[in-house]
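Written out below as structure tokens is the structure these notes cover.
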């Protein structure tokens, strides 16, 4: 007798669970199966998630690139696969490449920055970066965009060149100055005496200094000789607001040169 009653109650539990589950799927407000109840296959079985995943992976993409079936929505969600994918894409782009619009973005995974380089010579400087003359002042001429600069047997497509043209003595000074404003981390450049300098005395030397104008600190100093080049790679300028590259010596006979100067974020 008791066994028969148990069978009857179990059958009612299965029917009730099945009915409420169907009601939920149809948009009803019935409660879900309580814990411990025996649910029918309509509510889902252990095999159902695998079958659903297989169906989603097998579904061909629509014309807009989204797959049929349930869409993976972003935090804000979208009703359809296309809208949900677009929302997720916008958020993913925002998380990884928000800075791309202003030229500093990278689109790298998890916000990892990829260095952005800015060539200081070649005519494509960001506005406001150049902070000294491009031309001749009181007989000292500086060029920010000299092509085919040859230093120590190496040719650079573009670079800086400084020379004296009028009333030149044995100790002239010329410089290039740029507003880095702490926005750049490193400098790459090659320093030397231009191979096409007019002087015949190959023992002439120049001095080059890299100076943080904000503090007056000399960051780098080198004596330049004919036929030799001095390269900097990844030189730290991360805390420099105003950087000056100055040359001193007989600039009428030995022209100061910088090959392919580049700063990187």
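Report yes if residue 149 is in the same structural domain as residue 260 (by TED's automatic domain parsing), closer than 13 Å to residue 248 by Cα and at pLDDT 95 or above, otherwise no. Against the criterion (in the same structural domain as residue 260 (by TED's automatic domain parsing), closer than 13 Å to residue 248 by Cα and at pLDDT 95 or above), residue 149 does not qualify. Checked against (1) in contact (Cβ under 8 Å) with a residue 40 or more places away in the chain; (2) crowded, with 17+ Cβ neighbours inside 10 Å, residue 224 passes all but condition (1).
The values are calculated or read from the model by the stated rules, or taken from the named source; none is laboratory data. What you see is a predicted model; the values in this text were computed from it and never measured. Reconstructed Cβ throughout: ideal geometry from the backbone, glycine too, with neighbour counts over all protein chains shown.
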